[in-house]
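The values are calculated or read from the model by the stated rules, or taken from the named source; none is laboratory data. Just so it is clear, the model here is predicted, and its values are computed rather than measured. We place every Cβ from the backbone using ideal geometry, glycine too, and count neighbours over all the protein chains shown.
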Amino acid sequence: MSDMILLGTRKGTIIFDRINASWQPRPIAHSGVPVCYAARDPRDGTLWASLDHGHWGPKLSRSRDGGASWVDISSLKYPLGARYIVKYLPTPDFNPETPSAQPEYSDATVLKIWNIAFGNANQPGRLYAGTIPGGLFVSDDGGDSWELNNPLWSHHSRGGDLFAGDASSVNHWNGTPASIDYGVFEPGIHSIVVDPRDSNHIYVAVSTAGVIETTDGGQSWEGRNRGMLMDYLPNPESEWGHDPHFVTNCPGQPDHLWQQNHCGIFYSDNGATSWQKVSKPDLGVNFGFPIVADANDGRAAWVVPARADSERMAIDGGLFVARTTDGGQSWQSFRNGLPQNNAYDIVLRHGLDVSGDCLCFGSTTGNVYLSADRGETWQCLGSNFPPIYSVRFG
Amino acid sequence: MPRVEMTQQLYRFFPQLKSQDITVPAGSAAEVLLAINEIAPGFTDYVLDEHGALRRHVNLCINNSVVIDKIKLSDRVADDATVYIFQSLSGG
């Protein structure tokens, strides 16, 4: 079990250390700065935080001394000529299947660095960053320099190569509400899953487009959304337009992938060749944002359900965690130690993590809960933290 | 030479600029920012995006006037001017 938990919060980075079986928070780092994601690189112990400066632009911050000091990095930038087809907020008569007659284009600028992922041990220095407006960046020198993955940026599902000219195909990538704060309605990459067996095999998830896979190190990408179902499109089995809230895999059985989607929980035991909806709405296990998988058993996963979709808070005022151990055929709900009255928490997509038998989640209400028994009982680590965007064991 | 004043919020990231009388050669607003970047490497990444446009929530004034060209920052900064760099506030 890990001895460190990193919180990315509305007011900075908070690190918990496990000292004598007790979790102790340090003084906040990046004080006052929104931190949308914070994590520890397991290969070399470097700590990373994605800063969401309201005025000064998104920055990555890096600590190579365990969090004692941090250095901001500004090198993640879209190259000259990187454009995207502008999307607009849906109106009541908006039909996402219908492209605009005359696409409008905008130069891309990094608005949010939504997620950071680490390469395998055989690629030291390899890092990934997912952004709004939908670019995947790659670094091979520990974050000193970054490069946009052009095959994904120029994918046919997004209008083709806009470096070369105007759109050559229909843009199926729609906006995420998470982009509205930046004055746009554009997609974002929030999930990056590297296959521990094969560094060239990567999945990314895009809100709102779906899951996309590469097996050649990012030179080519294919959608992996078969079996996905949408409640909000005329054709619920459309190839694109899906809204994965978070996608992860089982490190010990990487062909087992889990997806908490806007429209339910989906599971794949065949490397995302196909997905199966495994929600149990009658148990309240359907809508939510985060999902984690067990490190060794691909059939085991946890979610923190919420009321869909306009409310986005705990169901009937009671917070609970649901676990499956049979690939989503059945779910158990655990409430012991969690508030069951007047709870309005929502746990965002990066707000839940697992390490061995230990789970931790944090909510936008500033509550942090920890379980040491695979989610069956919970203890509160604090109730007065800033709104929490991410929770990651270090 | 033009003087530069800025919000103290930027001193958090560039402490070398604190308590310093910043003067730079006259030129365009973009050239003024590049000159500050020479003193404090990385400074332009905080006030400009990757295309050199002023960030959405940053204000740049020459004397009492907000710059007109926020895309290329071509406004001229005269020898006796003062450039002000502030965060854009929306109240609350």
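All told, A:D282 meets the bar of being surrounded by fewer than 18 Cβ atoms within 10 Å (Cβ to Cβ) and free of Cβ contacts under 8 Å to residues at least 40 places away in the same chain. Answer yes if at least one residue in the stretch A:163-175 is more than 14 Å from chain B (Cβ to nearest Cβ), farther than 19 Å from A:V86 by Cα and aromatic (F, W, Y), and no otherwise. No, every residue in the stretch A:163-175 fails to be more than 14 Å from chain B (Cβ to nearest Cβ), farther than 19 Å from A:V86 by Cα and aromatic (F, W, Y). Take the residues in the stretch A:145-188 that are of a type in the set (D, E) and at pLDDT below 95; name whichever of them is farthest from the chain's Cα centre (by Cα). In this case the residue turns out to be A:D166. Is there a residue being out of contact with any helix residue (DSSP H, G or I) (no Cβ under 8 Å at 6 or more places or on another chain) and either among the aromatic types (F, W, Y) or modelled with pLDDT under 95 (or both) anywhere in the stretch B:69-81? So far as the stretch B:69-81 goes, no, none of its residues is out of contact with any helix residue (DSSP H, G or I) (no Cβ under 8 Å at 6 or more places or on another chain) and either among the aromatic types (F, W, Y) or modelled with pLDDT under 95 (or both). Of the residues making up the stretch A:5-15, none is touching a residue at least 60 places away in the same chain (Cβ under 8 Å), surrounded by 21 or more Cβ atoms within 10 Å (Cβ to Cβ) and closer than 21 Å to A:S145 by Cβ.
A:T325 - would you say it is more than 18 Å from the chain's Cα centre (by Cα) and either closer than 15 Å to A:G210 by Cβ or surrounded by 18 or more Cβ atoms within 10 Å (Cβ to Cβ) (or both)?
When the stated conditions are applied, A:T325 does not pass them.
A:G210 falls short on exactly one of the conditions (1) free of Cβ contacts under 8 Å to residues at least 24 places away in the same chain; (2) at positive phi, and that condition is (1). The set of residues in the stretch B:37-79 being more than 10 Å from every other protein chain (Cβ to nearest Cβ) and either in contact (Cβ under 8 Å) with a residue 60 or more places away in the chain or polar (S, T, N, Q) (or both) consists of B:N37, B:N63, B:N64, B:S65, B:S74, B:V77, B:A78, B:D79. One residue is enough: does the stretch B:20-28 have a residue meeting the conditions part of a helix (DSSP H, G or I) and in contact with a helix residue (DSSP H, G or I) (Cβ under 6 Å, 6 or more places away or on another chain)? There is no residue in the stretch B:20-28 that is part of a helix (DSSP H, G or I) and in contact with a helix residue (DSSP H, G or I) (Cβ under 6 Å, 6 or more places away or on another chain).
Scanning the stretch A:270-279 for residues that are out of contact with any Asp or Glu (no Cβ under 7 Å at 6 or more places or on another chain) and assigned to a loop (DSSP other than H, G, I, E, B), which turns out surrounded by the most Cβ atoms within 10 Å (Cβ to Cβ)? Top of the filtered list is A:W275. Just one of (1) over 25 Å from A:E147 (Cβ atoms); (2) outside any loop (DSSP other than H, G, I, E, B) fails for B:N37. It is (1). If you check A:G362, A:G394 for being crowded, with 20+ Cβ neighbours inside 10 Å and under 16 Å from A:F289 (Cβ atoms), only one passes: A:G362. Residues of the stretch A:28-74 that are more than 10 Å from chain B (Cβ to nearest Cβ) and of a type in the set (S, T, Y): A:Y37, A:T46, A:S50, A:S61, A:S63, A:S69.
Quick grid of which residues meet (1) modelled with pLDDT of 95 or more; (2) touching a helix residue (DSSP H, G or I) at 6+ places or on another chain (Cβ under 9 Å):
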residue: A:Y88; (1), (2): no, no
residue: A:P99; (1), (2): no, no
residue: A:F118; (1), (2): yes, no
residue: A:N122; (1), (2): yes, no
residue: A:I132; (1), (2): yes, yes
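The one condition from (1) among the hydrophobic types (A, V, I, L, M, F, W, C); (2) in a loop (DSSP other than H, G, I, E, B); (3) buried (at least 23 other Cβ atoms within 10 Å of the Cβ) that A:W258 does not meet is (2).
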